[in-house]
Structure formats: structure tokens, C-alpha cells
1. Just to verify a result, which residue in the range 75-102, among those that are hydrophobic (A, V, I, L, M, F, W, C) and surrounded by 13 or more Cβ atoms within 10 Å (Cβ to Cβ), is nearest to the chain's Cα centre (by Cα)?
2. Looking at Arg64, Arg105, can you tell me which residue is more than 15 Å from the ligand (Cβ to nearest atom) and within 18 Å of the chain's Cα centre (by Cα)?
3. Here is a list of conditions, (1) farther than 28 Å from Leu180 by Cβ; (2) away from the ligand (no atom under 16 Å from the Cβ); (3) free of Cβ contacts under 8 Å to residues at least 12 places away in the same chain, and Asp40 meets all of them except one; can you say which number that is?
4. Could you list, in sequence order, all residues of the range 121-144 that are part of a helix (DSSP H, G or I) and under 14 Å from Val174 (Cβ atoms)?
5. Could you check how many residues of the range 159-195 are closer than 30 Å to Gly46 by Cβ, out of contact with any Ser or Thr (no Cβ under 6 Å at 6 or more places or on another chain) and part of a helix (DSSP H, G or I)?
6. Would you tally the residues in the range 1-39 being at pLDDT below 85 and either touching a His at 6+ places or on another chain (Cβ under 8 Å) or not in a loop (DSSP other than H, G, I, E, B) (or both)?
7. Which residues, counting only those in the range 230-256, are among the hydrophobic types (A, V, I, L, M, F, W, C), in contact with a Pro (Cβ under 9 Å, 6 or more places away or on another chain) and farther than 17 Å from Tyr12 by Cα?
8. Residues Lys213, Lys267: which one is over 18 Å from Thr10 (Cα atoms) and basic (Lys, Arg)?
Amino acid sequence: MTDTQEKRFTAYDIDGKEPIVKYRKISKSFGDNEVLKEIDFDLYPGERVAIIGPSGSGKTTMARLLMTLETPTAGTIEVDGRHLWHKEVNGKLVPADEKHLHEVRGDIGMVFQHFNLFPHMTIMRNLTEAPVKVLGLPKKEAEERAKEMLEKVGMSEKAKDYPASLSGGQQQRVAIARALVMRPKVMLFDEPTSALDPETVGEVLNVIKDIAKQGDMSMMLITHEMSFAREVADRVCFFDEGKIQEQGPPSEIFTNPETERLREFLKGFN
Ligand code: ADP
């Protein structure tokens, strides 16, 4: 890599750091439709990467692979040094087993477009369910963690309420707290505001900005909110036709795009 390319890669200081997430030559096809084409992608601990690109360019598939909700057609993904589907046994790659996948999934917290809170549980129960059932935490400890996270997203007062009584923005803030309560190493957001009423988008973006500002969480943010990406991300990856077409710090990507495709894409947001 030349000096100039290195400068454009990320605004984050990656010196001496090993990536926490590594995609290597990841391809994914649905039938004849090759959605991802030999993607190489690294996320460094504490780095915030925004993924932008037109609909259908493969962004969600990229996220679903990391959550092991899809299996790649080819390639490998590692999280904190552990392979997702393929792990090495005697120098040979074999599919990972369920126990292993379960462990790796625990490193990643995901927030989707649709919040998917459990409707029949209070907000508090929504947050304590997984820490108790999956991590085996005592109820009291889980509740302590939950309180802390609800405070972080400004939802402490709603702990005893049910999801249906909350606005979309409030439900999404709870969904973020629910992911954080598991203390994941990586937070993955897939268009967390695109199903919300315009008036509640800001409150959710602010919560994500706050988490980003705290600085120690590695984040992948799939978003159509360009000003948000610009403000929060250390690096922006532009996806098109199943490939990362261009990537760099937001100051470069948004003010000095190199490819015609990215210039065209960004015009749609002006
Ligand atoms: P983006 O998030 O950038 O909008 P997606 O990853 O959702 O893109 O989709 C990329 C392509 O993969 C689209 O053409 C979509 O129709 C296709 N696709 C995604 N999931 C499936 C699936 N489960 N079965 C078949 N095709 C799929």
C-alpha cells in the first residue's frame, strides 16, 4: 500500500492493532444472483465504519453473514481471531459447530431496521432475558446492567412499560440497549432509522452518536443518513454491485469521491 492509499483508508489510528472482524474473499450468491463478490473487509477494535450504497448492493447480506444468518458461498469471516463457519483443524478448513457459532454470535450485537422487541415482556424483561438465559447471569446482576443501559439510551423511566406503549424511536432505543446489555465487542446497525417516523430519527441517531463518542465500541453502521455517517464514522465504505468500490475517511469520501459511481450516488442526497 502506498502512503497516499494508507492515508485514505481510515481516520482511525490502527497502528499496532489487529482487526476484530476480518472478511476474506467472501462471496455470496442466491441462485444465479451473485450478491457479494470476493469481499475483503477489516474492522479494527474501536473503529466506526459506515457502509453506504444503493439498495440491493449487498449491504444487508454483508451484515447477515456476520450474524451467521446467512452462510457464504465462498470465503471466511473471523471475529476476534475465531472463524465463523470455517475453522482450521489440522491445517484444513472445516465448518464451525453450533457451540462455536453461539460463542462468536455473543461477540456481536445487532440492531435491525425493525426493532423486534418481545411484545409480551416489559422493557426491563426485554433487556434481562438474554443475559439471564444466554449468559447465565443472576437476575439481579442482569437488572443492574439493564438499568445502566436504559439510562444510556435515556429510557430509564420506561422500564416497567410494554413495547406497544412506546414510539418507534423509543422502541429502537430500547433495542440498542438490549444489544448493549450483552456487552458485545462489535455493534452492527442495519439501517436502524429507516423504518422510523421522521420526527423520531434524530433521537435514535443521537443515541448511536453517544455510543460512538465513548470511543471503545467497534461499530459497523449500514446507513442512508449521510450527515450521520460523516459525523460518526472513521471510515466510509461505498458498496455497489456486491463490491466495496471505494473507502476512506468521511472527509475524503464525501468531499472528494474518486469514482463516478460514488459521485452519482452522493448526488441523490444533496
Ligand atoms: P442492500 O442491503 O444493499 O439493499 P441486500 O444485501 O439486502 O442489499 O440485497 C442484495 C441482493 O441480494 C438483492 O438483489 C436481494 O434481492 C438479494 N437477496 C438478499 N437476500 C436474499 C435471499 N434470502 N434470497 C434471495 N435473494 C436475496
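1. Step one: filter the range 75-102 for residues hydrophobic (A, V, I, L, M, F, W, C), giving 77, 79, 84-85, 89, 93-94, 96, 101.
Filter again for surrounded by 13 or more Cβ atoms within 10 Å (Cβ to Cβ), leaving 77, 79, 84-85, 96, 101.
Details: Ile77: 15, Val79: 13, Leu84: 16, Trp85: 19, Ala96: 22, Leu101: 17 Å.
Looking at residues that are hydrophobic (A, V, I, L, M, F, W, C) and surrounded by 13 or more Cβ atoms within 10 Å (Cβ to Cβ), I get Val79.
2. Working: Arg64 fails: more than 15 Å from the ligand (Cβ to nearest atom).
One residue alone meets the criteria, Arg105.
3. Asp40 satisfies every listed condition except (3).
4. Once the filter is applied, which keeps residues that are part of a helix (DSSP H, G or I) and under 14 Å from Val174 (Cβ atoms), the range 121-144 yields Ile123, Met124, Arg125, Asn126, Leu127, Thr128, Glu129, Ala130.
5. 11
6. Number of matching residues: 7.
7. We begin by selecting, within the range 230-256, every residue among the hydrophobic types (A, V, I, L, M, F, W, C); these are 232-233, 236-239, 244, 253-254.
Still in the list and also in contact with a Pro (Cβ under 9 Å, 6 or more places away or on another chain): 232-233, 236, 238-239.
The answer is Phe238, Phe239.
8. Details: Lys213 fails: over 18 Å from Thr10 (Cα atoms).
Checking each option against the conditions leaves just Lys267.
The values are calculated or read from the model by the stated rules, or taken from the named source; none is laboratory data. Note that the coordinates shown come from a computational prediction; the quantities given were computed from them, not determined experimentally. In this analysis, Cβ positions are derived from the backbone assuming ideal geometry, glycine residues included, and neighbour counts consider all displayed protein chains.
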